[in-house]
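The block underneath contains the structure these notes are about, expressed in structure tokens.
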Amino acid sequence: MASNKRVPMIAGNWKMHLNSKEAADLAAAIRKGLDPDLKHEVLLAPTFTNLHAVKAVLAGSKIFLSSQDVAWEEKGAFTGAVSPSQLIDAGCTHAIIGHSERRKIFLETDEVVNKKVKAAIKANLVPVLCIGETLEERESQRTYRVLETQLNGAFAGITAAEASKVVIAYEPVWAIGTGKTATPDQAQDAHVYVRRQMERIYGKPYAEAVRLLYGGSVKADNVDELMAQPDIDGALVGGESLKSDKFLRVIHFQAVLKGRV
Ligand code: PEP
């Protein structure tokens, strides 16, 4: 496919790793290694307690700061939760929402995800909405149905204008942290399906503009072929984002394959 206007995004999800010094050091190494002419977006998502340390390192750079989750309420008796405005205060511009680990381990439903997406949009945080099927769902040919249900749930009651702020990450659960990457064709196929669903919900201009990231064992040595797929607009990266040299290679994927820069 010809080049498109969607700005690629590479996001690092550091999950529950690193202390504040390690996180600051990693952010500094990534900042230092970044091509100053890089045209696409880079996002780092440390744990809540490391946001301030990473914010200080990223000050004045083009790298965005993200949380890995967000509460749907603004304030009150919600022990353990962090509100959208608190995240903005901590320097975040983005919030990962609905990661499969939140869905599976912390039992987040599509309804909860929907409330979080709405709260983030209201507060002007860019939601990075994660969706994806389990291995069992894929093997029983339910991938499309699962994606459709997750998208309907996440976007319920959200207008097209609001939805235009959202970045969607397709992350097949069986590929997260397992070393099993979806093949470029599998990922492209799912992305085409997600884009079609977004066209059904919000129309063609929206569907053509929405950025779809792929996540699931993206590595320095497979990012180029994934990013060469016409409907893959970026990557959400876990394990490989914890090593500065590897993550820098992912960030500087061979965009030329896509004719994008
Ligand atoms: C993730 O955390 O969203 C992820 C895709 O992890 P990994 O790259 O380690 O599979």
Going residue by residue through region 229-242, the Karplus relation 6.51 cos²θ - 1.76 cosθ + 1.60 with θ = phi - 60° gives ³J(HN,Hα) values, rounded to whole Hz and with x marking Gly or Pro, of 6, x, 9, 9, 9, x, 9, 10, 10, x, x, 5, 7, 8
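Which shape class applies to region 69-161: rounded if a/c is under 1.5, otherwise prolate when a/b exceeds b/c and oblate if not, where a ≥ b ≥ c are the square roots of the Cα gyration tensor eigenvalues? Display every interim value, and only then the final one.
Values: a/c = 2.38, a/b = 1.77, b/c = 1.34.
Prolate, since a/c reaches 1.5 and a/b exceeds b/c.
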So, with points 7 Å from each Cα along the Cβ direction, the residue 88-residue 183 label distance in nm works out to 4.6
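For region 9-257, report the accessible area per residue in Å² (1.4 Å probe, heavy atoms, rounded to an integer).
Values: 11080 Å² over 249 residues.
Normalised by residue count, the accessible surface of region 9-257 is 45 Å².
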Per its Cα gyration tensor (rounded if a/c is under 1.5, else prolate when a/b beats b/c, else oblate), the chain is best filed as rounded
Taking 0.36 nm per residue of separation between residue 156 and residue 122 and subtracting their Cα-Cα distance, the length gained on full extension comes to 10.8 nm
Sorted by chain and number, the residues with a modelled amide H under 5 Å from that of residue 234, at a separation of 5 or more or across chains, are 9, 214
For residue 61, the net charge from surrounding residues (Cβ-Cβ under 11 Å; K, R +1; D, E -1) works out to +4
For the chain, the accessible surface attributable to carbon and sulfur atoms (probe 1.4 angstrom, ligands and nucleic acids excluded) amounts in percent to 55
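Suppose R0 equals 30 Å; then what is the FRET efficiency for residue 52 and residue 75 from their Cβ-Cβ distance, rounded to the nearest 0.05? All intermediate terms of the calculation are to be shown ahead of the outcome.
Working: r = 19 Å, r/R0 = 0.65.
After rounding, the FRET efficiency stands at 0.95.
Rounded to the nearest 500, what is the chain's calculated 222 nm mean residue ellipticity when only DSSP H runs of at least 4 contribute -39500 (n - 2.57) each, over all residues?
Values: 12 runs with 107 residues, N = 261.
Computed mean residue ellipticity for the chain: -11500 deg cm²/dmol.
Please give the net charge around residue 179, taking every other residue with its beta carbon less than 11 angstrom from that of residue 179, where Lys and Arg add +1 and Asp and Glu add -1. Present the calculation step by step, with values, prior to reporting the outcome.
Details: positive: 180, 219; negative: 240.
Around residue 179, the charge tally is +1.
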The computed P(r) of region 113-261 puts the percent of Cα pairs beyond 24 Å at 32
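Provide the gained length on full extension for the span residue 7 to residue 206, in nm with one decimal, where the gain is 0.36 nm per separating residue minus the Cα-Cα distance.
Result for the pair: 70.2 nm of gain on full extension.
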Scalar couplings 3J(HN,Hα) for region 203-214 by Karplus 6.51 cos²θ - 1.76 cosθ + 1.60 (θ = phi - 60°), nearest whole Hz, x for Gly and Pro, are x, 5, x, 4, 4, 6, 8, 5, 8, 10, 8, 9
For residue 14, the residues 5 or more places away or on another chain with a placed amide H closer than 5 Å to its own amide H are 45
The rounded separation in angstrom of the Cα centers of region 75-96 and region 4-36 is 20
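So if each residue of separation counts as 0.36 nm, and I subtract the Cα-Cα distance between residue 135 and residue 245, what length gain in nm does that give?
Additional length available on full extension: 36.5 nm.
The values are calculated or read from the model by the stated rules, or taken from the named source; none is laboratory data. Fair warning: this is a prediction, and the values are worked out from it, not measured in the lab. Heads up, the Cβs are rebuilt from the backbone with ideal geometry, glycines too, and the neighbour counts pull from every protein chain shown. Side chains are part of the model used for accessible areas, which takes the heavy atoms of the whole protein and leaves out ligands, DNA and RNA. Shrake-Rupley method; radii C 1.70, N 1.55, O 1.52, S 1.80 Å.
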